[in-house]
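Working notes, beginning with the structure itself.
The values are calculated or read from the model by the stated rules, or taken from the named source; none is laboratory data. None of the values given here were measured: they were computed from a predicted structure. All Cβ positions, glycine included, derive from the backbone under ideal geometry; neighbour counts span all protein chains shown. The accessibility values were calculated without ligands, DNA or RNA, using every heavy atom of the protein model including side chains. Shrake-Rupley method; radii C 1.70, N 1.55, O 1.52, S 1.80 Å.
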Amino acid sequence: MSNPSVPALRTPDDRFTRLPGFDYAPHYIDDLPGFSGLRMHYVDEGPRDAEHVFLCLHGEPTWAYLYRRMIPIFLQSGARVVAPDFFGFGRSDKPTDEAFYTFSTHYASLKALLQRLDLRRITLVCQDWGGLLGLALPADLPERFARLIVMNTMLAGGDAPLSPGFIAWRDWVANNPDLSPGRLLRRSCAHVSEAEAAAYDAPFPDARFKAGVRRFPQLVPDRPDADGAAISRRARDWWRDTWRGSTFMAIGMTDPVLGEPVMRGLATQIRGCPDPTLHAQAGHFAQEWGEDIAQRALDAFARG
């Protein structure tokens, strides 16, 4: 992939002070192959030689802060936790040209990050776009992945209709170009405090910083020749035919976008997927109930 050399905004550091429950030191890479000059942020906690590495991938319109309730549980198990922010989100740089935001671009950046950090024995933890992108990675890098924790997401191969809930969400975002992630989280998760909502808004001082937020819903492959559709179909075949690792699936049952019907379908595409854990209170942003989900996942893995 060639150097994109696109103009980008960088959220001031003072926007990220005193974030409730999230005092992790930032880590940055600004020379990923194909993305030189764009700075990607990631959380990196726990021992570098840990037996397991939890790779936590956020979705739209959130950032690594979404995992603040799960990271401590994973760290208590002795694991390493890596939680990147996609370009356009969190502490990562935010290209202002909306044409930058494609499925292939973000997939390439995540793949490059995994290879740069040389992550192995990965437990993939994903939801929403973290799954749309993240679930495609093991098909290309199978030797790096050992386990899966999957919540409210999908694989979109462009050969099946998208859910009515997702289409409604895509249309809503298109009509609300300056949407507030914090307000969205407050509406979706009643327990999210005003300070936590402000943390979700922290990466986006104004609408200029929200190109990624605006574009992501439009990037879900909705036809067979859409960007990312072939990658997703290949991944779907890999999960069905080749995956041999351990899987834990949790479904936020109040999710109107990627809820139980979508997740039941995904379960049939993952070889050996056990019965999902149904979380009655959780919605689309299942990580907001993350202490419980993370502990249940660890317990399930320990039972084998």
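In the range 13-29, the residues that are hydrophobic (A, V, I, L, M, F, W, C) form Cβ pairs under 6 Å with partners that are part of a loop (DSSP other than H, G, I, E, B), at six or more places apart or across chains, as follows: Phe16/Ala202; Phe22/Arg68.
Checking each residue in the range 18-47 for being at pLDDT 95 or above and over 22 Å from the mean Cα position of the chain (by Cα) picks out only Pro47.
For the range 1-38, the set of residues classified as outside any loop (DSSP other than H, G, I, E, B) and small (Gly, Ala, Ser) consists of Ala8 only.
Would you confirm whether any residue within the range 121-133 is assigned to a helix (DSSP H, G or I), surrounded by fewer than 22 Cβ atoms within 10 Å (Cβ to Cβ) and aliphatic (A, V, I, L, M)? Can you show your working first?
Residues of the range 121-133 that are assigned to a helix (DSSP H, G or I), as a first pass: 129-133.
Of the ones still in play, those that are also surrounded by fewer than 22 Cβ atoms within 10 Å (Cβ to Cβ) are none.
Within the range 121-133, not a single residue is assigned to a helix (DSSP H, G or I), surrounded by fewer than 22 Cβ atoms within 10 Å (Cβ to Cβ) and aliphatic (A, V, I, L, M).
Counting only helices (runs of 4 or more DSSP H) that fall entirely inside the range 187-304 and contain at least 1 residues that are touching a residue at least 12 places away in the same chain (Cβ under 8 Å), closer than 23 Å to Phe89 by Cα and open to solvent by less than 10 Å² (accessible area, probe 1.4 Å), the qualifying elements are 194-201, 211-215, 229-241, 290-303.
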